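The values are calculated or read from the model by the stated rules, or taken from the named source; none is laboratory data. Since this is a predicted model, take the numbers as computed values, not measurements. Positions of Cβ are generated from backbone atoms using ideal geometry, with glycine treated the same way; all protein chains shown enter the neighbour counts. The accessibility values were calculated without ligands, DNA or RNA, using every heavy atom of the protein model including side chains. Shrake-Rupley method; radii C 1.70, N 1.55, O 1.52, S 1.80 Å.
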Amino acid sequence: MSVGRLIASRTAMFCCDMQDKFRPSIRHFPAILSNANRMLQSAKLLDIPLVVTEQYPKGLGSTCSELDIDHCSINCPKTKFSMMIPEVKSYLEEKKTRKSIVLFGIEAHVCIQQTAIDLISLGYEVHVIVDATSSRTDTDRVFAFQRMRQAGVFLTTSESMILTLAGGSDHPQFKQLQKIITTEAEDTKLLTFPML
């Protein structure tokens, strides 16, 4: 049984469809955006490969300009809901040692959930960052987290993940990572849902 132990050198980070056109309709979007940025900054500092997708960018726009994705390994447009499109699968096949995926973005009950289930089906361990993931409704968001947990996904927060990947205060980038988490993560109202 997997306990979800993470090692940065065996991990990849997936940022799913954090696009401008979703801004008005996604619950807690400013907070989700801020917490997603913490993950992106950490990936850069920890040299963790970053995979970015954009759902139908021709109609829905590109990734929000507040997010620094310049260091991403690949950035793929898609029309499928799951991020596991051929380009992403090929990339992961090249990175055979990356067996843990840290996943966040939108929407929880569609693209995130389908990506997580596809990854688990392929033998990957999946960790979803709950405070950097949302949907248009809180109901869809919360039940997506429940569904993913049932499928074997590990649910965690941005700060917990950053410190887990660092592994200890002796990490060479710890002081830089500490600067990221000095400011508390934005509240995305998850504690209002006791079923989680």
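Data table
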item: Options Glu54, Glu107, Glu87: the member that is modelled with pLDDT of 95 or more and in contact with a Pro (Cβ under 7 Å, 6 or more places away or on another chain); result: Glu54
item: Of all residues in the range 143-154 being open to solvent by 50 Å² or more (accessible area, probe 1.4 Å) and in contact with a helix residue (DSSP H, G or I) (Cβ under 8 Å, 6 or more places away or on another chain), the one that is nearest to Glu93 (Cα to Cα); result: Arg147
item: Restricting the range 80-91 to residues that are in contact with a strand residue (DSSP E or B) (Cβ under 6 Å, 6 or more places away or on another chain) and in a loop (DSSP other than H, G, I, E, B), the residue that is nearest to Asp17 (Cα to Cα); result: Met83
item: Enumeration of residues in the range 34-53 that are among the hydroxyl-bearing types (Ser, Thr, Tyr) and free of Cβ contacts under 8 Å to residues at least 60 places away in the same chain; result: Thr53
item: Restricting the range 119-142 to residues that are among the hydrophobic types (A, V, I, L, M, F, W, C) and touching a helix residue (DSSP H, G or I) at 6+ places or on another chain (Cβ under 7 Å), the residue that is most open to solvent (accessible area, probe 1.4 Å); result: Ile120
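To keep it simple, each residue is scored yes or no on (1) in contact with a strand residue (DSSP E or B) (Cβ under 7 Å, 6 or more places away or on another chain); (2) open to solvent by less than 10 Å² (accessible area, probe 1.4 Å); (3) in a strand (DSSP E or B); (4) not aliphatic (A, V, I, L, M).
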| site | (1), (2), (3), (4) |
| --- | --- |
| Cys15 | yes, yes, yes, yes |
| Pro24 | no, no, no, yes |
| Arg27 | yes, no, no, yes |
| Ile32 | yes, yes, no, no |
| Asn37 | no, no, no, yes |
| Ser42 | no, yes, no, yes |
| Val52 | yes, yes, yes, no |
| Lys58 | no, no, no, yes |
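Here's the yes/no breakdown for (1) part of a loop (DSSP other than H, G, I, E, B); (2) touching a residue at least 40 places away in the same chain (Cβ under 8 Å); (3) in contact with a strand residue (DSSP E or B) (Cβ under 7 Å, 6 or more places away or on another chain):
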position: Glu93; (1), (2), (3): no, no, no
position: Lys96; (1), (2), (3): yes, no, no
position: Leu103; (1), (2), (3): no, yes, yes
position: Gln114; (1), (2), (3): no, no, no
position: Asp118; (1), (2), (3): no, no, no
position: Gly123; (1), (2), (3): yes, no, no
position: Phe145; (1), (2), (3): no, yes, yes
